[in-house]
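Readers should treat all values here as calculations from the given coordinates under stated rules, not as data from a laboratory. Here the structure is a predicted model, which is why all the values come from computation and not from measurement. A quick note on method: Cβ atoms are made from the backbone with ideal geometry, for glycine too, and the neighbour counts reach across all protein chains shown.
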Amino acid sequence: SFYIGNDRIRSLTTNAKWDIDSDHEPTQAELAMQALFFQAAGRNGRHTEEVTQQLLLPATITPELMPILDNAQRVLIKAASDGGKTTLLQHIADRRVKNQTVLIIDSQSYPDKWPADCKVVGTGSNHQAISTALDNLIELMVKRYREIGQGIVREGAHPKLTIIIDEWMAIVDECENAKDVIRRLLTESRKAAMSVFIG
């Protein structure tokens, strides 16, 4: 399942039938997202004919997904184990780190998992470091809103920060502050120029 803002695309069954949460025909971007999910999941051999035809759309369609994600501010990527979540997050990090700060929170990180210029917190199952980083993100967000309120910085004009949180459920289980922090980041961070991606 992919959630971008309030829009959701979710997989309903193991035979790759999809439900797009709206009454309109799927857009090219939505079809591209479907294709990317199945390609990342490595399940090309088990599609229904309908989905297989969607996957065979011209190659120029699938790249439309990444520009959408380039501008996204709150995204939840949900899938089964080995469903391609981390791979998609790696591509997002690689594109964003070229022009903004990217913070990765990942207790299961290892060398070369993330682009070199990203700041990675939590490697080696270091949940204390993750808890501290989460608290620091709230402090940063509050500081930015204070500056906006004082007229020092315009809304959305702070340096852009992308926060990528991988293996979120494992982090929630180990970090007491995780649920509250993610709720606040998802609901309050946008105007403070902070984007949040969760796998």
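Summary of values
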read-out	value
Residues whose placed amide H lies under 5 Å from that of G156, excluding near-sequence neighbours	A193
GluC sites (Glu not before Pro) lying in DSSP loop within region 90-179, provided at most 16 other Cβ fall within 10 Å	E155, E176
Semi-axis lengths, Å, region 106-199, gyration tensor of Cα atoms, sqrt of 5 times eigenvalues	25, 15, 10
Under 5 Å, built H, 5+ apart or other chain: amide partners of I104	K119, V120, V121, I164
Mean projected area (nm²) of the alpha-carbon convex hull when region 68-152 is viewed from all directions	6.9
5 angstrom amide H check on R74, placed H, neighbours 5+ away	G5, V196
Cα-Cα over 25 Å, subset of K113/K191; K119/K191; K113/K160; K119/K160	K113/K191
